[in-house]
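Take a look at the structure below.
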Amino acid sequence: MITNLNVAVAQINCQLLDVEANLERHREYAKQARQNGAEVLLFPELSLTGYQVGRNAPTVAMRNDDPALLDLAKHAKGITLVVGFVERARAGELYNAMAYLRDGRVIHVHRKINLPTYGGLDEGKWFHSGSQIGNVALREHWESSCLICADLWNPALTHCAFLKQPELMLAPINSASGVVSENFSNEDNWKINVSFYAMIYGTPVLMANRYGHEEDLWFWGGSCILGPKGEILAAAEDGECIIQAQLDQGAIDRARFEMPTVRDSNTRLIRRLLEDHY
């Protein structure tokens with residue numbers, strides 16, 4: 001049976017290191033999205049803590065069963081909230097992570113794999129790197145995968161995620177103007193990145209970025225919802241907002257039939273070529 005899915009993206013700014021204030025914003029946006037009929041609401045990367053946590057990361061870290069996360073999950077009745085946080089695993093083991101919340105539970109956590117240490121980025125100093133990619137069921141016939149920000153700039157990693165054939169790719173990011181270099185436009189290149197992957201794999205993409213200042217960084221927004229041919233279904237204007245769109249599973253079927261990237265990926269050959277090279 002072909003079904004549709006109502007999805008939403010929250011483009012917000014976060015208060016650095018103020019988890020309680022950020023939790024309140026999340027509750028407000030979750031209520032608004034539910035009232036608008038959204039079944040999925042994606043927040044930006046590290047939305048509960050702010051981005052530049054640095055040496056303070058341990059002070060805002062929480063386990064995946066933390067009471068604050070579980071309380072926020074109570075506001076996810078009939079909707080899946082996907083929120084960014086600093087996850088504490090074992091002592092001293094911290095991850096840049098996204099938690100899927102639904103009906104009072106944390107149903108999944110994705111840990112960022114590709115930790116950038118170039119330009120003005122130094123996440124590799126503060127976080128451990130994740131090592132798993134998996135699909136998460138949103139409801140019947142709809143599964144999502146999640147890649148956090150720089151994960152999407154590793155083509156091999158991105159290919160592995162799409163090989164699992166999720167109906168939806170979530171792309172929470174924290175992208176600031178000029179943070180890579182003066183000559184690298186995050187504003188232009190992120191649009192190319194997500195539209196390419198949506199088109200080449202026939203998969204809708206939800207991209208959630210911040211909007212506003214955090215210390216010396218300016219987060220430029222640009223959040224969007226893309227269809228399975230890379231087309232824009234919804235785009236955020238400048239400012240904090242929610243954008244929403246309905247995804248059509250029939251359109252995904254047609255896009256993947258016309259551009260069968262996964263079917264023709266020839267994984268055995270790729271594996272052999274990689275083994276020969278390394």
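Name, by its number, the condition in (1) in contact (Cβ under 8 Å) with a residue 60 or more places away in the chain; (2) among the small types (G, A, S); (3) within 20 Å of L46 (Cα to Cα); (4) surrounded by fewer than 17 Cβ atoms within 10 Å (Cβ to Cβ) that does not hold for S144.
S144 satisfies all of (1) in contact (Cβ under 8 Å) with a residue 60 or more places away in the chain; (2) among the small types (G, A, S); (3) within 20 Å of L46 (Cα to Cα); (4) surrounded by fewer than 17 Cβ atoms within 10 Å (Cβ to Cβ) except (4).
To keep it simple, each residue is scored yes or no on (1) open to solvent by 40 Å² or more (accessible area, probe 1.4 Å); (2) modelled with pLDDT of 95 or more; (3) within 20 Å of F219 (Cβ to Cβ).
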| position | (1), (2), (3) |
| --- | --- |
| H26 | no, yes, yes |
| Q32 | yes, yes, no |
| N64 | yes, yes, no |
| A68 | no, yes, no |
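Got a sec? Which helices (runs of 4 or more DSSP H) wholly within the stretch 1-92 have at least 1 residues that are within 16 Å of the chain's Cα centre (by Cα) and not basic (K, R)?
19-35
Could you tell me which numbered condition L274 fails, if it satisfies all but one of (1) closer than 19 Å to N13 by Cα; (2) of a type outside the set (S, T, N, Q); (3) at pLDDT below 95?
Only one criterion is unmet by L274, namely (1).
Write out, first by first residue and then by second, each pair whose Cβ atoms fall under 7 Å of each other, whose residues are 6+ apart or on separate chains, and whose first residue, in the stretch 199-211, is outside any helix (DSSP H, G or I) while the second is open to solvent by 10 Å² or more (accessible area, probe 1.4 Å) and aliphatic (A, V, I, L, M).
Note: pairs meeting the criteria are G202/M259.
Can you name the residue in the stretch 197-230 that is of a type in the set (G, A, S) and touching a Pro at 6+ places or on another chain (Cβ under 6 Å) and, of all such residues, is surrounded by the fewest Cβ atoms within 10 Å (Cβ to Cβ)?
G227
Does the stretch 80-104 hold any residues that are touching a residue at least 24 places away in the same chain (Cβ under 8 Å) and of a type in the set (A, V, I, L, M), and which are they?
L81, V82, V83, V86, A89, L94, A97, M98, A99, L101
Between a residue in the stretch 120-135 that is in contact (Cβ under 8 Å) with a residue 60 or more places away in the chain and within 24 Å of Y100 (Cα to Cα) and any residue that is among the β-branched types (V, I, T) and surrounded by 13 or more Cβ atoms within 10 Å (Cβ to Cβ), which pairs come within a Cβ distance under 7 Å, given they are 6 or more apart or on different chains?
Every condition considered, the pairs that remain are W126/V53.
Can you find a residue in the stretch 118-129 that is more than 16 Å from the chain's Cα centre (by Cα), within 27 Å of A251 (Cα to Cα) and open to solvent by less than 10 Å² (accessible area, probe 1.4 Å)?
no
Suppose we keep only residues that are assigned to a helix (DSSP H, G or I) and open to solvent by 70 Å² or more (accessible area, probe 1.4 Å) within the stretch 231-267. Which one would you say is farthest from W142 (Cα to Cα)?
Among those residues, the one meeting the criterion is E258.
From the list G50, G78, G37, exactly one residue is of a type outside the set (K, R), at positive phi and at pLDDT below 95. Which is it?
G78
Any idea which residue in the stretch 174-188 is farthest from K112 (Cα to Cα), counting only those that are assigned to a strand (DSSP E or B) and not aromatic (F, W, Y)?
Looking at residues that are assigned to a strand (DSSP E or B) and not aromatic (F, W, Y), I get S181.
Of the numbered conditions (1) open to solvent by 40 Å² or more (accessible area, probe 1.4 Å); (2) modelled with pLDDT of 95 or more; (3) among the aliphatic types (A, V, I, L, M), V194 fails exactly one; give the number of that condition.
Of the numbered conditions (1) open to solvent by 40 Å² or more (accessible area, probe 1.4 Å); (2) modelled with pLDDT of 95 or more; (3) among the aliphatic types (A, V, I, L, M), the odd one out for V194 is (1).
Does I107 count as on the phi < 0 side of the Ramachandran plot, of a type in the set (A, V, I, L, M, F, W, C) and free of Cβ contacts under 8 Å to residues at least 40 places away in the same chain?
So I107 fits the description; yes.
The values are calculated or read from the model by the stated rules, or taken from the named source; none is laboratory data. Everything numeric in this text was worked out from a predicted model, so none of it was measured. All Cβ positions, glycine included, derive from the backbone under ideal geometry; neighbour counts span all protein chains shown. Ligands, DNA and RNA are excluded from the accessible area calculation, which covers all protein heavy atoms including side chains. Shrake-Rupley method; radii C 1.70, N 1.55, O 1.52, S 1.80 Å.
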